[in-house]
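A quick write-up on the structure given underneath.
The values are calculated or read from the model by the stated rules, or taken from the named source; none is laboratory data. Just so we're clear, the structure is a prediction, and the values are computed from it rather than from any experiment. Ideal geometry is used to build each Cβ from the backbone, glycine not excepted, and the neighbour counts take in all protein chains shown. Each accessible area value is taken on the protein alone, full model and side chains, heavy atoms only, with ligands, DNA and RNA left out. Shrake-Rupley method; radii C 1.70, N 1.55, O 1.52, S 1.80 Å.
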Amino acid sequence: MYGLAAQNTRPDSVYAVQEHLDNLVPALVSLRSQAYHLAAWGEELARRLLRGQRLLAAGNGGSAAEAQHLTAELVGRFDGERVPFSAISLHAETSAVTAIANDYGFEELFARQVRAHGRSGDVLILLSTSGKSPNLLRAAEAAARLNVTTWALTGPGPNPLASRCDEAVTIDALSANAQEGHLIALHAVCRAFDAEVAARARIGSCPGSMP
């Protein structure tokens, strides 16, 4: 049942929605081909955060919202109950963001925070559908100087951000669909993250096991 409103929906609107949904298929195909990469990110992130390191995340616009979605899953929880982990969205502290943008320019927005919060062995994940955002490129450069590992989640590659980071998952799809794919990718990373945390908890509970 679609209701009375749907009966009067214009065919071109329906077509636009169907076309948008059809365009998700290339994003999913692209992600599926990189499943091992996403799993490796989740496992490595779990190992590092269990050692007391942290995740930093950044993006602009919708990508900022997705960066914050990821950090919320880690500080809170994804599916099952587990301990919280240190994860910071660099756009989310509005006073710092506006002060840095005002005093140093928008291109320094994330780089300055990376220099403030980043420690050797931390991970910085940068989200951008274009892969060209200057403030993310500068953040990657700042992270490299601190031995902070950088991962990029972008739209189609090659692109400057993917090239500038240590590793990248690029999604070969239209911009809006690539951004939707980013959320799927982040949830996939969380699946692998939680699986690794649970596996290490089981190992740690075994008599004579190594932590």
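Observations, loosely collected:
- Of all residues making up region 148-166, the number that are without any contact (Cβ under 8 Å) to a residue 24 or more places away in the chain and farther than 12 Å from Lys132 by Cβ: 1
- Restricting attention to region 80-99 and to residues that are surrounded by 13 or more Cβ atoms within 10 Å (Cβ to Cβ) and in contact (Cβ under 8 Å) with a residue 40 or more places away in the chain, the residue that is farthest from Ala198 (Cα to Cα) turns out to be Leu90.
- Residue check for Arg119: of a type in the set (Lys, Arg), touching a residue at least 40 places away in the same chain (Cβ under 8 Å) and within 29 Å of Arg200 (Cβ to Cβ): yes
- Residue within region 198-206 that is over 19 Å from Ser130 (Cβ atoms), among the polar types (S, T, N, Q) and either out of contact with any His (no Cβ under 8 Å at 6 or more places or on another chain) or modelled with pLDDT of 95 or more (or both) present: yes
- Region 126-150, subset hydrophobic (A, V, I, L, M, F, W, C) and buried (at least 24 other Cβ atoms within 10 Å of the Cβ), residue nearest to Glu66 (Cα to Cα): Leu127
- Qualifying positions in region 118-159 - assigned to a helix (DSSP H, G or I) and closer than 20 Å to Asp172 by Cβ: Leu136
- Flag if Arg119 is out of contact with any helix residue (DSSP H, G or I) (no Cβ under 8 Å at 6 or more places or on another chain) and either open to solvent by 60 Å² or more (accessible area, probe 1.4 Å) or closer than 16 Å to Leu55 by Cβ (or both): yes
- Those residues of region 163-179 which are surrounded by fewer than 21 Cβ atoms within 10 Å (Cβ to Cβ) and of a type outside the set (Ser, Thr, Tyr), in sequence order: Arg164, Asp166, Glu167, Asp172, Leu174, Ala176
- The lone criterion from (1) at pLDDT below 95; (2) in contact with a helix residue (DSSP H, G or I) (Cβ under 7 Å, 6 or more places away or on another chain) left unmet by Leu55 is number (1).
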